[in-house]
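A short worksheet on the structure shown next.
The values are calculated or read from the model by the stated rules, or taken from the named source; none is laboratory data. Because the structure is a prediction, the values reported are computed rather than measured. So basically every Cβ, Gly included, is an ideal-geometry build from the backbone, and we count neighbours across all protein chains shown.
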Amino acid sequence: MLDSPKSQTKSATGSSQKKRLDPDEREAHIVAEAVRFFAEHGFEGKTRDLAKRIGITQPLLYRYFPSKESLIERVYNEVYVQRWNPAWEGLITDRRVPLSDRLCSFYKEYSRAVYDYVWVRMFIYSGLKGVDINDRYLRGIKEKVLRPVCAELRHTHGLPTPQEIPIDEQELELAWGLHGSFFYRAIRFYIYNLTTTADNETAIENEVRVFLAGVGPVQRKLVEALTKHD
C-alpha cells in the first residue's frame, strides 16, 4: 500500500534555522525546501515565497542559485536523476530469468523510488506548465525501459531482433501501455487522493500478467507488417 500523501507534505521549516548554516548545508536546505515547495505549488511558485518559507531573503537565495531555472535544474537532478538506478536496466534484459519475473522485479524496484508525493506531483506540474522535466525524463524511459521491453518481447515470441527490424512507434505504444498503468496508480493516489487498500506489489504482478497475456499476437502482427514494408 502506498504511503499517505499527507504524511509527505510537511515542511521542515517548522523548526526555523536558529544556528548559522555553512554554505553547503544552506544550499542543501534550499534544495530540500524547493523540492517540497514546487511539489505543493507547482513551478509557477514565486522564489520570493520560497525564500520566505525557508526564512531567508530572496537575494540570499539567488546567491546560491542565480536564476529560478538553475534552481529547477537542481531540483530535477535531485528528484529524478539521482533516483534512477542503472542496475534496474539489467533487471529487464537478464534472459536467465523469465520475462514476467523481470518486469515484476523492475516495476517493484522502480515503484519504491518514484511512488511518492514529491515525485508524482512535480512531474504533473512540469507537464502542465511547459517545464522540460517531463520531456527529458520520458526520453530516458523510452530508451532505458520501453525499447528494451519491446526487444525482450520479440525474443520471447521468436520475432526478428531490433537490429533486423527496427522497433517502431506503434510497437513502443504497447510498452507505454504497461508503463502507463503503473504510473496511473500513483496519479490516482497522489493527484486524485483516491486511497486504496490494494497491495502495490500484487497490483504490479497482476498488471504484468495481463500485459503479457495479450501483447504477443498484437506485437507479432505489428512486426509482420513492418517486415512486409521492407
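So here's what we get for this one:
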{"item": "Residue list for region 47-75, restricted to those being surrounded by 16 or more Cβ atoms within 10 Å (Cβ to Cβ) and part of a loop (DSSP other than H, G, I, E, B)", "result": "ILE56, PHE65"}
{"item": "Test: residue in region 39-46 that is of a type in the set (A, V, I, L, M, F, W, C), modelled with pLDDT under 95, in a loop (DSSP other than H, G, I, E, B) and over 27 Å from the mean Cα position of the chain (by Cα)", "result": "no"}
{"item": "All positions within region 17-38 that are hydrophobic (A, V, I, L, M, F, W, C) and either assigned by TED's automatic domain parsing to the domain that holds TYR117 or assigned to a helix (DSSP H, G or I) (or both)", "result": "ALA28, ILE30, VAL31, ALA32, ALA34, VAL35, PHE37, PHE38"}
{"item": "Test: residue in region 152-174 that is in contact with a Phe, Trp or Tyr (Cβ under 7 Å, 6 or more places away or on another chain), closer than 24 Å to SER100 by Cβ and without any contact (Cβ under 8 Å) to a residue 60 or more places away in the chain", "result": "no"}
{"item": "Among (1) crowded, with 16+ Cβ neighbours inside 10 Å; (2) over 12 Å from the mean Cα position of the chain (by Cα); (3) part of a helix (DSSP H, G or I); (4) not acidic (Asp, Glu) - the single one VAL145 does not satisfy", "result": "(2)"}
{"item": "Residue match in region 76-86 (condition: surrounded by 13 or more Cβ atoms within 10 Å (Cβ to Cβ), among the hydroxyl-bearing types (Ser, Thr, Tyr), more than 23 Å from the chain's Cα centre (by Cα) and in a helix (DSSP H, G or I))", "result": "no"}
{"item": "So ASP94, is it out of contact with any Leu (no Cβ under 9 Å at 6 or more places or on another chain) and at pLDDT 95 or above", "result": "yes"}
{"item": "Long-range neighbours under 7 Å by Cβ, at least six apart or interchain, first residue of a type in the set (Gly, Ala, Ser) within region 193-210, second surrounded by fewer than 11 Cβ atoms within 10 Å (Cβ to Cβ) and outside any helix (DSSP H, G or I)", "result": "none"}
{"item": "Flag for GLU171 being out of contact with any Pro (no Cβ under 9 Å at 6 or more places or on another chain) and assigned to a helix (DSSP H, G or I)", "result": "yes"}
{"item": "Only listed residue being surrounded by 12 or more Cβ atoms within 10 Å (Cβ to Cβ) and out of contact with any Gly (no Cβ under 9 Å at 6 or more places or on another chain), chosen from LEU212, LEU153", "result": "LEU212"}
{"item": "Long-range neighbours under 9 Å by Cβ, at least six apart or interchain, first residue in contact (Cβ under 8 Å) with a residue 24 or more places away in the chain within region 63-90, second among the charged types (D, E, K, R) and outside any helix (DSSP H, G or I)", "result": "TYR76/ASP132"}
{"item": "Verdict on LEU103 being among the hydrophobic types (A, V, I, L, M, F, W, C), in contact (Cβ under 8 Å) with a residue 60 or more places away in the chain and part of a helix (DSSP H, G or I)", "result": "yes"}
